[in-house]
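Worksheet: one structure, shown below.
The values are calculated or read from the model by the stated rules, or taken from the named source; none is laboratory data. This is a predicted model, so every value here is computed, not measured. Methodologically, a virtual Cβ is constructed for each residue, glycine included, from the backbone with ideal geometry; neighbour enumeration extends over all protein chains shown. The accessibility values were calculated without ligands, DNA or RNA, using every heavy atom of the protein model including side chains. Shrake-Rupley method; radii C 1.70, N 1.55, O 1.52, S 1.80 Å.
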Amino acid sequence: MRGFGGEAGPRRLLILASVALFLGRGLLSLSRTGPVLVADEIGYLTNARVLIGGVPGQLQQAPFYRGGYSLLLAPLLELSSAPTAQYHLVLLVNAALVASLPLLLYQLVARYLPVTSKQAVAAAIAGSIYPAVTTFSQVALSENALLPLTCVWLLLVADLFSGSVRPMWVAVLFGACSALMWAIHGRMVVALGLALVAAVRLLYLRRIKEGGLLLAVLLGGAGGVQALNAFLIAHNYAGSATDGTGARLSAIFGFHPLVTVLENLVGQSWYLVVSTFGLTLVLARLATGRADRTTIRGSPPLGPLRPWLLALTGGLLLVSAAAFPTRTRPDMFVYGRYVEVVCPPLVTCGLAWLPSSRPPFRWTAAVIVLLTAAVAVIRVVAVGGGAPDRWDVSALPFLTFDLGAGVLGGAGLVALVGARLLLLPSSRRRVQAPVVVMALFLPVIAYTVWNPVITSQRAVYPSGWQSPQTVASKYHMRVIDYDLANYDVIGLYVTQWFLPHTHVMLINGSHFNPADAFVFAAGNRSSTAHPGYSIVWRDAGRDQVLWANRANAVADAGRSEHAASLERGAVHG
């Protein structure tokens, strides 16, 4: 196998690329104040807070967020008591995690694909700047851990079936990696299932020790994941929680849900093609056996990597499509976020395979045109309206002021032009394909930095916004009530991140309970209608304020943590 070998040039360039990507994404995160994606970020962040013994979040109304990513974040919360500083630390760790992609992708292609060292470096750097990677790094989402782990998973499974010199250790690490990915997000049951397939394959090949050890690690890891989930459900979800992905998958049975899932499969496959400018089709053509399989002299075989990368991609596409049998936003039809963890390897491997397996442009163009026409028709006929969420389609190579047929067609046209540049005959190419890909990615990255990152930051934390932590400390707020009659998704979830020592309880009624000392409710309530209450904090940009009953504030500050934990999550009128 080849890795870095003794070549200092590729190693130096990859390290420089990793440092540059870390600095760029880290500097971008400095302008951030706190979470903007709710309840996703709050789920992972409050999980981390609970894991270090902190105050639980109010997440009974949210889907369950697994604890694998939160395990990584938990130690960071010990380094500061200020939620804004903690959030910046989380984003810096995100930047460090995804900055490992150039090195990991280089190892992936240099070991198993028909490339020279220079080609491997260029392809790895191009794959590591896939636009969604920068977008994910700006929020506390599990994708930041899954992106490098997906590369590690592919490296390990390829090593396992390519004559690794330490197959026992590789089997242990592969099993642990598969279980950890499932601990991070439920959709990675695909990685867990493929690891079971790998174990069965090893046993079939009479590699009993490796297969048995892999099975044991997978079973032990699955047990550990269940224990972690149970702990978080008991301490952060008041004893019951719904796995959002699992609940949606269970709803697919029936004619209309199945039709919706098939539509999603078409739309999400289209997104995978256009966001990679047709490079995914290079791998698809290899899978059909129609591509030229010639390799560079001395390069390692293609076999160990290709089937696992394609199986992981296909499995994630199926799970992602099935996860939205009922659509509430148009972006769910072309939802990319669940599959994009494989896009850096797809881009890198597509570029690496391109010189020896160049598909004809006419074939690639026909697939892009047909898929674009199909998604445009489905969008007009079957997909409802609503505002799209750019976070979930952040690598779409077009503006997303809406997600109508015109926008989808525009993205398809951009992808078609990109594919034409990538698939020029060798004699006519003036630049290398990785440079073309990077040039195509840069405008998309610039747009996603503006939308959704900057626009979401400004929407959640407008000018004049101040953290409620200062007021909470001043009044020693141990417990506050949140009035569901004035529910605001940002008001409920984001605000509690900035109250690290305060329990949030839900109430539902048109009147304040006289015993309540602190209540979140609408600011348009008349203070004369509630004597003794006054506004002590206002959420700039939305009608959410914190009312204080000064007469009860002292008594409230003395309530015990035990009593608060028993009351947390109760809904009373």
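Quick one: is GLU41 free of Cβ contacts under 8 Å to residues at least 40 places away in the same chain and either farther than 27 Å from LEU484 by Cβ or of a type in the set (Asp, Glu) (or both)? No, not satisfied. Scanning segment 481-494 for residues that are over 11 Å from GLN58 (Cα atoms) and not acidic (Asp, Glu) yields a total of 7. Of the residues making up segment 390-424, those that are under 23 Å from PRO434 (Cβ atoms), among the small types (Gly, Ala, Ser) and over 25 Å from the mean Cα position of the chain (by Cα) are GLY418, ALA419.
Scanning segment 369-388 for residues that are assigned to a loop (DSSP other than H, G, I, E, B) and β-branched (Val, Ile, Thr) yields a single hit, VAL383. Pairing residues of segment 439-463 that are more than 15 Å from SER31 (Cβ to Cβ) with residues that are open to solvent by 60 Å² or more (accessible area, probe 1.4 Å) and β-branched (Val, Ile, Thr), at Cβ distances under 9 Å and at least 6 apart in sequence or on separate chains, gives ALA439/VAL431; LEU440/VAL417. For segment 65-96, a residue qualifies if it is over 23 Å from ILE233 (Cα atoms) and among the β-branched types (Val, Ile, Thr), and the qualifying residues are THR84, VAL93. For GLY314, the test of being modelled with pLDDT under 90 and either on the phi > 0 side of the Ramachandran plot or open to solvent by 20 Å² or more (accessible area, probe 1.4 Å) (or both) is failed. Candidates ALA433, ALA439: the one that is exposed (fewer than 14 other Cβ atoms within 10 Å of the Cβ), of a type in the set (Gly, Ala, Ser) and within 22 Å of VAL282 (Cα to Cα) is ALA439. Restricting the first member to segment 87-108 and to residues that are under 28 Å from THR495 (Cα atoms) and charged (D, E, K, R), and the second to residues that are outside any helix (DSSP H, G or I) and open to solvent by less than 30 Å² (accessible area, probe 1.4 Å), no beta-carbon pair is closer than 8 Å while six or more apart or on different chains. For segment 203-225, a residue qualifies if it is among the hydrophobic types (A, V, I, L, M, F, W, C) and part of a helix (DSSP H, G or I), and the qualifying residues are LEU203, ILE208, LEU213, LEU214, LEU215, ALA216, VAL217, LEU218, LEU219, ALA222, VAL225. Is it true that some residue in segment 278-294 is out of contact with any His (no Cβ under 7 Å at 6 or more places or on another chain), at pLDDT 95 or above and either buried (at least 22 other Cβ atoms within 10 Å of the Cβ) or under 20 Å from MET332 (Cβ atoms) (or both)? No, segment 278-294 has no match at all. Restricting attention to segment 146-169, report how many residues are farther than 24 Å from PHE136 by Cβ and either of a type in the set (Ser, Thr, Tyr) or without any contact (Cβ under 8 Å) to a residue 40 or more places away in the chain (or both). Residues flagged as farther than 24 Å from PHE136 by Cβ and either of a type in the set (Ser, Thr, Tyr) or without any contact (Cβ under 8 Å) to a residue 40 or more places away in the chain (or both) within segment 146-169 amount to 6. Taking segment 352-368 as the range and being open to solvent by 10 Å² or more (accessible area, probe 1.4 Å), in a helix (DSSP H, G or I) and either basic (Lys, Arg) or closer than 24 Å to TRP153 by Cβ (or both) as the test, only ARG362 passes. Can you find, within segment 369-391, the residue that is farthest from GLN457 (Cα to Cα) among those that are buried (at least 20 other Cβ atoms within 10 Å of the Cβ) and not aliphatic (A, V, I, L, M)? Selected residue: THR372.
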